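Engineer: Next up is a structure, given as structure tokens.
The values are calculated or read from the model by the stated rules, or taken from the named source; none is laboratory data. For clarity, every value in this text was computed on a predicted model and none was experimentally measured. Here Cβ is always computed from backbone atoms with ideal geometry, including for glycine, and neighbour counts include all displayed protein chains. What goes into the accessible areas is simple: the full protein's heavy atoms, side chains included, and nothing from ligands, DNA or RNA. Shrake-Rupley method; radii C 1.70, N 1.55, O 1.52, S 1.80 Å.
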Amino acid sequence: MDICAVIVTYNPSIEMLTKNIQATKAQVSNCLLVDNGSSNNTDIVNFADSNNVKLISLKKNKGIAAAQNVGFNWAKNNVFDWVLTLDQDSILPKNMMEEYMASGKMLETNTGIITGTYFDRKWTQAQKRHLSYQGNDSFSEKKMVISSGNLVKVSAWEKVSGFDESLFIDMVDYDFDAKLVLAGYKIWQINRVKMEHAVGEVIHKPVLEHLLLLPETGLLADHPSFRQYYIYRNTIIFQKRYPMFGGKKFLIIRSILATRRMIVYRNSFPKFIAAWKGIRDGNRYNPNNDVFFKNIMKQIHESSKIG
């Protein structure tokens, strides 16, 4: 079964990208790079040429959602039924595609996503116990999974109108997951698969975390200011759009309190400002006034067939 890997890049480390491609090319039919306006685009062009990898270069950073949609459209036009989505810093284990195929889930018509578990070498032992799968089941049905390492059915992507480009980055994957589940698709996690993946720059400052009453198992991943804006804005948008997936009470207050973690990060002040602006804009968002989102939900609810 032909599979196309879509890897979105933005100012990547060529060394890390090399490891990514080497691990990926051995397991899929085709690799596509979609570059999101990187400052080192010339290096990426040379890398793609020397590694015989297809590259689509976007002139500016259009966000992860737009870049993934570009990749999926290319895969669809080239008659691929499945797309493997990867971040530039994810490294596939050798058995990943073999395990996905052996699960039998690719043959089930209502499968939308097949994914594995992931780990970051910088996690503490407490974080590993909390964030890693601890059971004995071969696979688990999930509601929300991060996008890297996902094997996505192209027809399912098309049915839910792809990734929401208005979100730009952050929560794009969870928004897509929610639409798939509401459309009747299943998301399966193959628990034997463990992929190395970095979620931002993980910070460990135990004393300060204790003083701020942050949980020991919580993940402090430092991101630039513009990412803090989208993290906080899009988390609120997601909760407003999909209260059926565990919407929280006092959402805005909780979001404001959560910004205390900025104290742990480097260059905290602009990140505080960006996060608060994200909370402000998330608070202003009303899904009932979002015509694009309402049309997608109407399309999903009226649809009676899958696949």
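Engineer: Of the beta bridges DSSP finds with both residues in the chain, what % are antiparallel, to the nearest 5?
Structural biologist: 35 percent
Engineer: Right, another one. Skip the ligands, DNA and RNA, and give the accessible area per residue of the chain with a 1.4 Å probe, whole Å².
Structural biologist: Accessible area per residue, the chain: 49 Å².
Engineer: Based on the alpha-carbon gyration tensor of region 27-84 and its eigenvalue square roots a ≥ b ≥ c, which shape applies: rounded if a/c is under 1.5, prolate if not and a/b is larger than b/c, or oblate?
Structural biologist: In terms of gyration-tensor shape, oblate.
Engineer: Along the Cα-to-Cβ line of ALA126, 7 Å from the Cα, sits a label point; which residues in region 263-281 have backbone N less than 16 Å from it?
Structural biologist: In region 263-281, the label zone of ALA126 (backbone N under 16 Å from the point 7 Å along Cα→Cβ) covers 264.
Engineer: As a check on your grasp of the helix formula, calculate [θ] at 222 nm for the chain: sum -39500 (n - 2.57) over DSSP H runs of n ≥ 4, divide by the residue count, round to the nearest 500.
Structural biologist: Calculated at 222 nm, the ellipticity per residue is -12500 deg cm²/dmol.
Engineer: So who's got an amide H within less than 5 Å of the one on LYS54, skipping anything under 5 residues away but keeping other chains? H placed 1.01 Å off N, in plane.
Structural biologist: So LYS54 has HN proximity to CYS31, LEU33.
Engineer: State the extension gain, in nm to one decimal, for the chain segment bounded by SER161 and ILE14, taking 0.36 nm per residue of separation less the distance between their alpha-carbons.
Structural biologist: Full extension from SER161 to ILE14 adds 49.7 nm.
Engineer: With a ≥ b ≥ c taken as the square roots of the eigenvalues of the C-alpha gyration tensor of the chain, please select rounded if a/c is under 1.5 and otherwise prolate if a/b is larger than b/c or oblate if it is not?
Structural biologist: The shape class here is rounded.
Engineer: Right, another one. Under a 10 Å cutoff between Cα atoms, tell me which one of TYR174, TYR229, TYR242 has the largest fluctuation in the Gaussian network model of the chain.
Structural biologist: TYR242
Engineer: For ILE56 paired with ASN288, estimate the spin-label separation in nm (one decimal), with each label point 7 Å from Cα along the Cα-to-Cβ line.
Structural biologist: Between ILE56 and ASN288, the simple spin-label model gives 3.7 nm.
Engineer: For the residue pair ARG266 and LYS94, what label-to-label distance in nm results when each label sits 7 Å from Cα along the Cα-to-beta-carbon direction?
Structural biologist: 3.6 nm
Engineer: Now, a different point. Using a Gaussian network model of the chain whose springs link C-alpha atoms within less than 10 Å, name the residue from ILE169, ILE14, ILE237 with the highest mean-square fluctuation.
Structural biologist: ILE14
Engineer: Rounded, prolate or oblate: which one fits region 132-231, using the alpha carbon gyration tensor with axes a ≥ b ≥ c (rounded when a/c is under 1.5, else prolate when a/b beats b/c, else oblate)?
Structural biologist: oblate
Engineer: Using a probe of 1.4 angstrom, how much of the accessible area of the chain is carbon and sulfur, in percent?
Structural biologist: Carbon plus sulfur share of accessible area: 53 percent.
Engineer: Follow-up. Could you size up the charge dipole of the chain around its Cα centre, putting +1 on the beta carbon of Lys and Arg and -1 on that of Asp and Glu, and report it in debye to the nearest 20?
Structural biologist: Once rounded to the nearest 20, the dipole reads 1020 debye.
Engineer: What distance in nm separates the simple spin-label points at PHE119 and PHE250, each placed 7 Å from Cα in the Cβ direction?
Structural biologist: 3.7 nm
Engineer: Let me ask something additional. At 1.4 Å probe size, what's the solvent-accessible area of SER161? Round to the nearest 10 Å².
Structural biologist: Ignoring ligands and nucleic acids, SER161 comes out at about 50 Å².
Engineer: Using +1 at the Cβ of each Lys and Arg and -1 at the Cβ of each Asp and Glu in region 21-77, identify which of ASN52, ASN41, TRP74 lies farthest towards the dipole's positive end.
Structural biologist: TRP74
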